[in-house]
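Report on the structure given below.
Computed from the coordinates by the stated procedures, all read-outs in this text should not be read as laboratory data. From a predicted model like this one, the values you see are computed outputs, not experimental measurements. All Cβ positions, even for glycine, are placed from backbone atoms using ideal geometry, and neighbour counts span all protein chains on display.
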Amino acid sequence: MQRLMEKKTYITEVERKKCQRVADAFAELEDEDIVVVDVGRYGFVKLQYYTPPRGFENDYTFTDSRELFEDLWQEWLNMQLYWLAEGTPILEEGYDEVFKSLSKDKQNELMERKQHFAKTAGIETE
């Protein structure tokens, strides 16, 4: 009896399109060694920290656009917080403490960027 191998799909076409919008919204992260790649029926993969000749140090697979959005948002925010606190002792206390140490105006400015990314990606925010 001949067995037919059915290819399993791990992401719906609707989610694939949503994930692509999220990846496009955060395209600027590519400048920071973070690349999001559509890997077809498997979903989207976030690749981080490229070092030749080894390649990427980290990879994470996503099949849900909301999870991809939140992950990329956190990457973007952490980079901003790092740049703001670089060379100061507060950085050693972690990104949450860096955020709390910012002025309310700066905190709001960063959170407004989340809204901008969400709108661009077509994601509803909480």
- Task: Can you tell me the dipole magnitude for the chain around its Cα centre, using point charges on the Cβ only (Lys, Arg +1; Asp, Glu -1), in Debye to the nearest 20?
- Result: 740 debye
- Message: Using the Karplus curve 6.51 cos²θ - 1.76 cosθ + 1.60 with θ = phi - 60°, what ³J(HN,Hα) values do you get for each residue of the range 71-76, in whole Hz, with x for Gly and Pro?
- Response: 5, 5, 4, 5, 4, 4
- Item | Eligible lysines near residue 8 by straight Cα distance, threshold 27 Å, same-chain separation 8 or greater | 17, 18, 46
- In vacuo Debye scattering of the chain, one point per C-alpha: log10 I(q)/I(0) at q = 0.11, 0.14, 0.17 Å⁻¹? -0.47, -0.70, -0.94
- Running Debye on the range 73-126 with equal point scatterers at the Cα sites and no solvent, what base-10 log of I(q)/I(0) appears at q = 0.13, 0.19, 0.22, 0.30 Å⁻¹? -0.34, -0.66, -0.82, -1.20
- Message: Need one number: nm distance between label points at residue 86 and residue 10, each 7 Å from Cα along Cα→Cβ, rounded to one decimal.
- Response: 3.4 nm
- Identify the trypsin sites (Lys or Arg not before Pro) of the range 31-83 meeting these criteria: DSSP loop state and at most 10 other C-beta atoms within 10 Å of the C-beta. 54
- Query: What number comes out for the charge environment of residue 120, summing +1 per Lys or Arg and -1 per Asp or Glu over other residues with Cβ under 12 Å away?
  - Reply: +2
- Inter-probe distance in nm under a simple model that places probes 7 Å from Cα toward Cβ, at residue 124 and residue 112: 2.5 nm
- Message: I want to check the label-to-label distance for residue 104 and residue 28. Put each point 7 Å from Cα in the C-beta direction and report it in nm to one decimal.
- Response: 2.5 nm
- Report the local net charge at residue 48: Lys and Arg +1, Asp and Glu -1, summed over other residues whose C-beta lies under 10 Å from its C-beta. -4
